[in-house]
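The values are calculated or read from the model by the stated rules, or taken from the named source; none is laboratory data. Computed from a predicted model, the values in this text were never measured in an experiment. Every residue, glycine as well, gets a Cβ built from its backbone with ideal geometry; the counts of neighbours run over all protein chains shown. Protein only, heavy atoms only, side chains kept; ligands, DNA and RNA dropped before computing areas. Shrake-Rupley method; radii C 1.70, N 1.55, O 1.52, S 1.80 Å.
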Amino acid sequence: MSTLSQRLSEFGYATGWRLVRRLPESFGSATFAFGADMAARRGGGGVRQLRANLARVVPQAGEAELDELVRRAMRSYARYWFETFRLPAMDHAAVAKQVTVTGAENIDAALAEGNGAVMTLPHSGNWDIAGVWLASYAGAFTTVAERLKPESLYRRFVSFRESLGFEIVPLTGDSAAMRLLLRRLRENKVVVLLGDRDLTSSGIPVRFFGEQTHLPPGPARLAATTGAALLPTGCWFTEDGWEIRIHPRIRVTQRAEVPAATQALADVFAGDIAAHPADWHMLQPFWPADAAAKEPKPLEEAS
């Protein structure tokens with residue numbers, strides 16, 4: 001991304017946080033939904049990739065059904081951003097009360113054991129709202145943030161999430177983040193990680209909707225190293241609120257069990273995504289076959 005694009009991106013986010021909270025909720029929601037419909041009809045690169053991803057999730061869908069699913073998915077994605085821009089000005093205690101939660105006893109059991117909990121979830125629903133609920137339920141927790149560019153945009157996102165009660169660790173590629181996460185688990189605290197996008201070159205091969213891809217190894221490795229409970233978590237939208245499901249613990253006690261535990265995570269994620277496909281916000285290539293298709297061909301193959 002060029003420097004100009006980075007600056008424009010930062011300006012857009014800053015404007016969103018400054019202005020969207022001032023819009024009447026009904027008007028703002030309708031505006032974001034209209035923008036989502038326009039984007040779905042325009043069918044840019046992200047929308048086309050979303051469609052390809054959802055075609056794997058709902059392979060029986062015909063063209064018309066897939067069109068409608070993509071439209072609803074773009075509305076869901078727009079709702080995420082509308083809520084994100086409004087969240088700093090919302091009543092967080094009231095927001096937490098609007099979240100329907102099943103499986104909170106799995107957090108309780110993990111903390112009662114004294115080794116902490118690793119909650120891991122896909123990019124589905126509104127994970128920041130899920131964090132607001134968790135902070136109200138279990139206190140401050142620690143999570144990781146991708147190091148965005150420019151640095152000022154990264155700092156905006158860090159400030160936003162810290163204002164919600166999250167402790168943010170930058171994803172820098174070195175061992176510093178892992179050391180802090182290990183320390184928090186040994187203090188019997190909760191670590192939350194998004195677990196469906198592998199941003200490294202060390203992902204674990206898994207079968208996901210019948211096709212091989214990779215998931216990040218971090219959640220299962222943290223659990224194996226510390227004895228923390230590995231808790232797959234799903235979140236999605238309801239008509240007037242949000243729902244979170246905290247699944248039972250996946251047992252992983254040694255490094256040799258990390259691949260199997262990561263496959264178990266993939267299976268749980270797939271079940272929740274299949275039940276709520278419109279709320280999976282995956283507009284990037286997710287399966288290696290799609291990523292390879294986007295790579296430029298060598299000159300001798302491109303002729």
>> Among the residues of segment 135-170, what is the count of those that are assigned to a loop (DSSP other than H, G, I, E, B), at pLDDT 80 or above, in contact with a helix residue (DSSP H, G or I) (Cβ under 6 Å, 6 or more places away or on another chain) and of a type in the set (A, V, I, L, M)?
In response: 1
>> Being of a type outside the set (A, V, I, L, M, F, W, C), touching a residue at least 40 places away in the same chain (Cβ under 8 Å) and assigned to a strand (DSSP E or B) is true for just one of T100, T84. Which residue is that?
In response: T100
> Taking the stated definitions as given, is M119 buried (at least 21 other Cβ atoms within 10 Å of the Cβ) and in a strand (DSSP E or B)?
Replying inline: yes
> Filter segment 68-78 for residues that are open to solvent by 60 Å² or more (accessible area, probe 1.4 Å) and in contact (Cβ under 8 Å) with a residue 24 or more places away in the chain; which is nearest to the chain's Cα centre (by Cα)?
Replying inline: Y77
>> If a residue must be farther than 17 Å from R155 by Cα, modelled with pLDDT under 75 and open to solvent by 100 Å² or more (accessible area, probe 1.4 Å), how many such residues does segment 1-27 contain?
In response: 2
>> I'd like the full set of residues that are among the β-branched types (V, I, T) and in a loop (DSSP other than H, G, I, E, B), limited to segment 236-261.
In response: V252, T253
> When you scan segment 28-57, how many residues do you find that are within 12 Å of R79 (Cα to Cα) and open to solvent by 30 Å² or more (accessible area, probe 1.4 Å)?
Replying inline: 6
> Within the bounds of segment 171-194, is there any residue that is open to solvent by 20 Å² or more (accessible area, probe 1.4 Å), within 21 Å of P88 (Cβ to Cβ) and in a helix (DSSP H, G or I)?
Replying inline: no
>> Just to be sure I understand the filter: pairs with C-beta atoms under 7 Å, separated by 6 or more residues or on different chains, first member in segment 105-116 and touching a residue at least 24 places away in the same chain (Cβ under 8 Å), second member open to solvent by 60 Å² or more (accessible area, probe 1.4 Å) and part of a loop (DSSP other than H, G, I, E, B). Which pairs pass?
In response: N106/P248; N106/R249; A110/R249; G116/K189
>> Within segment 82-116, take every residue that is among the small types (G, A, S) and under 28 Å from A36 (Cα atoms) and give me the one that is modelled with the lowest pLDDT.
In response: A89
